[in-house]
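Remarks on the structure that follows.
The values are calculated or read from the model by the stated rules, or taken from the named source; none is laboratory data. Because the structure is predicted, anything quoted here is derived from the model rather than measured. Every residue, glycine as well, gets a Cβ built from its backbone with ideal geometry; the counts of neighbours run over all protein chains shown. Ligands, DNA and RNA are stripped out before the accessible areas are found, and what is left, the full protein with its side chains, is counted by its heavy atoms. Shrake-Rupley method; radii C 1.70, N 1.55, O 1.52, S 1.80 Å.
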Amino acid sequence: MNRQKALRTLNPVMFAVLLYQGVTGIFRFSFYEHFKLMHPVFGLVLLLLGALHLSLNWPWVKSNYLKKKR
C-alpha cells in the first residue's frame, strides 16, 4: 500500500476517533461507565494513529519545518 492510499484510509479513521473522544469527554457524566471503560482505550488508539499519521507525513514535515538555515 502506498503512502497516499494509507493516508486516505487513516485520516477519516483518525477523525472519527478524535470526534468520539470529544463526545465522550463532553458527555462523560451522562455515560460514566462507558466513559470510564472506553475513553482511555480510544485515547491510546488516537495516540497511535497520530504517530502513524506523523510517520506517513514525515517527508512533508521535514521539507517544510526542518529546513537547514543558511
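Quick one: in the stretch 46-70, of everything that is free of Cβ contacts under 8 Å to residues at least 12 places away in the same chain and of a type in the set (A, V, I, L, M), which residue is least open to solvent (accessible area, probe 1.4 Å)? Please lay out each step first, then the result.
The first filter runs over the stretch 46-70 and keeps only residues free of Cβ contacts under 8 Å to residues at least 12 places away in the same chain, leaving 47-48, 51, 54-55, 58-70.
From what is left, the residues that are of a type in the set (A, V, I, L, M) are 47-48, 51, 54, 61, 66.
Numbers: Leu47: 120, Leu48: 127, Ala51: 59, Leu54: 85, Val61: 27, Leu66: 96 Å².
Looking at the filtered set, the residue picked out is Val61.
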Selection from the stretch 21-64 of residues at pLDDT below 90 and either in contact with an Asp or Glu (Cβ under 7 Å, 6 or more places away or on another chain) or of a type in the set (Phe, Trp, Tyr) (or both) yields Phe27, Phe29, Phe31, Tyr32, Phe35
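In the stretch 24-39, how many residues are open to solvent by 70 Å² or more (accessible area, probe 1.4 Å) and either outside any helix (DSSP H, G or I) or out of contact with any Ser or Thr (no Cβ under 9 Å at 6 or more places or on another chain) (or both)? Reasoning before the result, please.
Taking the stretch 24-39 first, the residues open to solvent by 70 Å² or more (accessible area, probe 1.4 Å) are 26-34, 36-37.
Filter again for either outside any helix (DSSP H, G or I) or out of contact with any Ser or Thr (no Cβ under 9 Å at 6 or more places or on another chain) (or both), leaving 26-33, 36-37.
Residues flagged as open to solvent by 70 Å² or more (accessible area, probe 1.4 Å) and either outside any helix (DSSP H, G or I) or out of contact with any Ser or Thr (no Cβ under 9 Å at 6 or more places or on another chain) (or both) within the stretch 24-39 amount to 10.
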